[in-house]
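See below for the structure under consideration.
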Number of protein chains: 2
Amino acid sequence: MPETVNDIEEQKAAARAWFENLRDDICATFEAIERDVEGADEIMDLAPGQFEQKSWERPEGLKQGGGGVMSVMRGRVFEKVGVNVSTVFGEFSEQFRASIPGAAEDPRFWASGVSLVAHPRSPRVPIAHMNTRMIVTTKQWFGGGGDLTPVFPIEQDTQDFHGSFKAACDAHDESYYPKYKEWCDEYFFLPHRDEARGVGGIFYDNLESGDWNADFAFTKDVGKAFETAYSDIVRRHMNEGWSDEDKKAQLKKRGRYVEFNLIHDRGTKFGLMTGGNTEAILMSLPPLAAWE
Amino acid sequence: MPETVNDIEEQKAAARAWFENLRDDICATFEAIERDVEGADEIMDLAPGQFEQKSWERPEGLKQGGGGVMSVMRGRVFEKVGVNVSTVFGEFSEQFRASIPGAAEDPRFWASGVSLVAHPRSPRVPIAHMNTRMIVTTKQWFGGGGDLTPVFPIEQDTQDFHGSFKAACDAHDESYYPKYKEWCDEYFFLPHRDEARGVGGIFYDNLESGDWNADFAFTKDVGKAFETAYSDIVRRHMNEGWSDEDKKAQLKKRGRYVEFNLIHDRGTKFGLMTGGNTEAILMSLPPLAAWE
């Protein structure tokens, strides 16, 4: 029987607990990958990575607070992977109130979420991103998604990644997948390069169907769909070798990733402009990137 | 006897010719540095670099046009140095008119300028930036400046860099240097890191004293002051060796440089949002950069 919570404080607690639970689960899955890799000469002299955690708190201001935990692993399959969980509350400044649902009436907000960016060492293993969150103003909603950025796209990987999200979406509402896939394609696009960030995935925001428990269940399934699909793709390619040319292509692709995150990503901009934790926000940047 | 031009079309032609002349001069100076380096084992197996030029044109639209020339050198002292000259004209879109002097009355503009970013191979040689430009709307003005970003600041370099700009400023107006130095410090600052981009220099904009010839002469002197000061500093350090730790520190500093340019730099934002030439605008990005 699915868990049913009705009180807003219980909902907040349940969402927060889930994001932390998903983080723990993904970290364990990625650490197992680190132990299991057995090919790829380039990395076999390195030790399997383990996540390290670092917590941070928002600077105490009037009526605002909260904080988060950054989990970072610098391993052999994952050159750098960061999983951040944060739960913060406060008041939106004047400049943001108009653009945030329910904030014009009352500027107070509460937000909790998990976000992940993985930069594998191998150019054969795609870069990936996942984020899910619950926001409460005078309204409340869920948002999130995940997208895949291979240096060398493989049709089967793309199909499987999308297939996993489609199955998660279809189990809740058949209108979700086509809508959220398109939203992802529109969002993760670099207009100044006239190119997509990667091969897409799904992106959703402002999900408030009227049934909180259903929206929460969907959000959980999105996180699990990402974890399953991405870890399968990583395992599929982690034992392959690569050339110097492949590595160069990866560093250039990472340069584009930096451009997207610093120029276009709303979460990054929003975080930096609202005095978020810079180290946690910029955890998404690759360990090394190149430009021509 | 200084050149005196009074007609706006002559002024535009003279400014454009100067920016191209300064570019040629700086390129020759930097190519001489490439030939003259004789220490630094790390780079002596590389050939001296030479600039390569690539011209671009704005996509033809109604009442807009122009273009520019990118000069790029990938050498042994300069891992990557780009000098862009562009001369463009058109109409500002609605969203920009209010914020640009003289554009509310009539959206047409003409702009010409030179901009330079140098990323040396050696962590001992500072990164540098210089830009000067003339803009014409219903008003007309000059702007520009230069700033130095050493990985390991050396007091003498900082003093000499500032001294050269101070001399150029003082020859025109003693109020310029203190004002433009402060403007530079304010502008080249990363609030999200709470740190300065480097050791500063000068920055000025909207310079329209009422005497175009005087403003033009000042703008020329700013360009020459940069060329002299920076090439002296490069020659001072170009034969020094460096360690792997130094290189790591440089890659991290370059990461901060990327952050500034993509998150904060008005020229970059403005260029990308107005459909400028992406390759020319992002020429400022380093060949390789790192994040922790």
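The values are calculated or read from the model by the stated rules, or taken from the named source; none is laboratory data. Because the structure is a prediction, the values reported are computed rather than measured. Every residue, glycine among them, receives a Cβ derived from its backbone with ideal geometry; neighbour counts consider all protein chains shown. Each accessible area value is taken on the protein alone, full model and side chains, heavy atoms only, with ligands, DNA and RNA left out. Shrake-Rupley method; radii C 1.70, N 1.55, O 1.52, S 1.80 Å.
Side notes on the structure shown:
- Sum of -39500 (n - 2.57) over DSSP H runs of 4+, divided by residues of chain A (222 nm, nearest 500): -13000 deg cm²/dmol
- Among the residues of A:275-286, the average count of other protein chain beta-carbon atoms within 10 Å of the residue beta-carbon is 3.
- Whole-Hz couplings from phi, Karplus 6.51/-1.76/1.60, listed for the stretch B:241-248; x for Gly and Pro: x, 8, 9, 4, 5, 4, 5, 4
- Surrounding net charge for B:Phe188, when Lys and Arg each add one and Asp and Glu each subtract one, Cβ distance under 10 Å: -3
- A simple spin-label model places pseudo-atoms 7 Å from Cα toward Cβ; at A:Glu91 and B:Glu292 they are separated by 3.4 nm.
- Positive-pole candidate from A:Val125, A:Gly198, A:Gly275, dipole of the stretch A:8-284, charges at beta carbon: A:Gly275
- Accessible surface of B:Lys247 - all protein chains present, 1.4 Å probe, nearest 10 Å²: 50
- Peptide A:251-259 is shielded by partner chain Cβ atoms: per residue, an average of 3 of them sit within 10 Å of its Cβ.
- Per residue of B:185-197, other chain Cβ atoms within 10 Å of the residue Cβ number 2 on average.
- Here r is the Cβ-Cβ distance between B:Gln53 and A:Glu245 and R0 is 30 Å; the resulting FRET efficiency, rounded to 0.05, is 0.65.
- Kirkwood-Stokes translational diffusion coefficient of the stretch B:8-284, alpha-carbon pairs, 37 °C, 0.692 mPa s, µm²/s: 170
- Eligible lysines near A:Lys253 by straight Cα distance, threshold 17 Å, same-chain separation 8 or greater: A:Lys80
- Highest to lowest packing among B:149-158, A:35-44, scored as the average C-beta count within 10 Å: B:149-158, A:35-44
- Distance from the stretch A:187-238 to the stretch A:115-179 (C-alpha centre basis), Å: 2
- Environment charge of B:Ala229, counting only residues whose C-beta is closer than 13 Å and scoring Lys/Arg +1, Asp/Glu -1: -2
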